[in-house]
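Contents: one structure, followed by commentary.
The values are calculated or read from the model by the stated rules, or taken from the named source; none is laboratory data. As the structure is a prediction and not an experimental result, all values here were calculated from the model. Note that we place each Cβ from the backbone using ideal geometry, even for glycine, and neighbour counts take in every protein chain shown. Please note that ligands, DNA and RNA were not included when accessible areas were found on the heavy atoms of the full protein model with its side chains. Shrake-Rupley method; radii C 1.70, N 1.55, O 1.52, S 1.80 Å.
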Amino acid sequence: MSGDWERLTPLLWEAAGQTAYMVLIALLVGGFLGLALGLGLYLTRPGNLLQHRFVFAVLNLAVNIVRPIPFIIFLVALGPLTRAVIGSTIGIEAFTFAMCIMATFVFARLVEQNLVSIDPGVVEAARAMGASPFRIVRTVLVPEALAPLVLGYTFLFVGVLDMSAIGGYLGAGGLGDFAIVYGYRQYDWAVTAVVVVIIVLIVQAVQWLGNGLARRALRR
């Protein structure tokens, strides 16, 4: 294998740590906010527990606008807000902030779609028994959609990992930046191949874990 691995190995570990930092924060923040936003979309839909046409229209429009934007373009468009909140448009904090926002909107739609697939009769039965909207969310909606939500969160992880590969463009580092700087730009394809293998192994491990947790949720 080509390349000075005595020099590159510490840099590879540093890049992996940067990727882990960005991905974990985006998953935590985006997962929590996305779950809340997805529940808001579902609950305020016409005919649902907290139906409100205006609120639903605003939330739905926001998700429809943000979610399809390619992430590299979203980074540029979000620049003024990123500067206002973080104080800079470059660096790992600025990049992670953008990842959190995009992850929120992506997961929100996944949550809504999984909740919509729940049998309305189950929700109506809980309403007929006098359960409050919060109780229905906690004891009916989330348990019924738990397995698909786990798989959706697994999908979100893969998407967030993909986003992190663009980190080098904002000085955030990460495995994507490492592959470009020390592999592609120096024509060292072995370095690029190592990064690809690492990312594939991470995705496979998370997918295996997500599938296992989803199966356990289905057997509950």
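If you count, for each residue, the other Cβ atoms within 10 Å and average over each peptide, how do 139-151, 64-76, 29-41 line up from highest to lowest?
Working: 139-151: 18.1, 64-76: 13.6, 29-41: 20.3.
Going by the mean number of other Cβ atoms within 10 Å, highest first, we get 29-41, 139-151, 64-76.
For region 91-108, 3J(HN,Hα) computed residue by residue from phi via the Karplus equation (6.51, -1.76, 1.60; θ = phi - 60°) reads x, 5, 5, 4, 5, 5, 4, 5, 4, 4, 5, 4, 4, 4, 6, 5, 6, 4 Hz, glycine and proline entered as x.
Accessible area per residue of the chain at 1.4 Å probe, in Å²? Numbers along the way, then the final one.
Numbers: 12080 Å² over 220 residues.
Value returned for the chain: 55 Å² of accessible area per residue.
Placing unit charges on the Cβ atoms of the charged side chains and taking the dipole of region 116-201 about its Cα centre, the candidate lying farthest along the positive direction among Ser132, Gly168, Leu149 is Ser132. Relative to the longest principal axis of the Cα atoms of the chain, helix 5-43 runs at roughly 20 degrees.
Projected label points at Arg185 and Gln207, each 7 Å from Cα along the beta carbon direction, are separated by 3.1 nanometres. Full extension of the chain between Ala217 and Val55 gives 55.2 nm of extra length, using 0.36 nm per residue less the Cα-Cα distance.
Sorted by mean Cβ packing within 10 Å, highest first, what order do the peptides 166-175, 12-21, 78-87, 94-103 take?
Numbers: 166-175: 21.7, 12-21: 17.8, 78-87: 14.0, 94-103: 23.7.
Put in order of decreasing packing, that is 94-103, 166-175, 12-21, 78-87.
Taking the longest Cα principal axis of the chain as reference, the axis of helix 189-218 is set at about 20 degrees.
Counting only Cβ charges, +1 for Lys and Arg and -1 for Asp and Glu, the dipole size of region 63-194 around its Cα centre is about 260 debye. Taken about its Cα centre, the chain carries a charge dipole of about 860 debye when Lys and Arg each add +1 at the Cβ and Asp and Glu each add -1 at the Cβ.
Counting only protein heavy atoms and a 1.4 Å probe, tell me what percentage of the chain's accessible area is made up of carbon and sulfur.
Working: 8120 of 12080 Å².
After summing per-atom areas, the C and S share lands at 67 percent.
Just the C-alpha atoms of region 25-73: what Rg/Rh do they give, with Rh taken as the Kirkwood radius?
Dividing the radius of gyration by the Kirkwood radius yields 1.05.
For region 141-147, putting each phi into the Karplus relation 6.51 cos²θ - 1.76 cosθ + 1.60 with θ = phi - 60° gives couplings of 5, 5, x, 5, 9, 4, 4 Hz, in residue order, rounded to whole numbers and with x for Gly and Pro. Under the simplified labelling scheme, the Val200-Arg67 pair shows an inter-label distance of 3.0 nm, with each label point 7 Å from Cα along Cα→Cβ. Built from the Cα atoms of region 81-200, the convex hull projects on average onto 9.7 nm², one quarter of its surface area.
Could you tell me the convex hull volume per residue, in Å³, taken over the Cα atoms of the chain? Kindly include the intermediate steps, with their values, before the conclusion.
Working: hull volume 27.9 nm³, N = 220.
Given the Cα convex hull of the chain, per-residue volume reads 127 Å³.
Across the options Ile65, Leu11, Val200, the greatest Cα extent toward the positive end of the charge dipole of the chain (unit charges at beta carbon of Lys, Arg, Asp, Glu) belongs to Ile65.
Going by alpha carbons, how many degrees (0 to 90, nearest 10) lie between the helix axis of 53-66 and the longest principal axis of the chain? It works out to around 20 degrees.
Placing unit charges on each Cβ (+1 for Lys and Arg, -1 for Asp and Glu) gives region 31-127 a dipole about its Cα centre, and among Asn114, Pro80, Thr104 the Cα reaching farthest toward its positive end belongs to Pro80.
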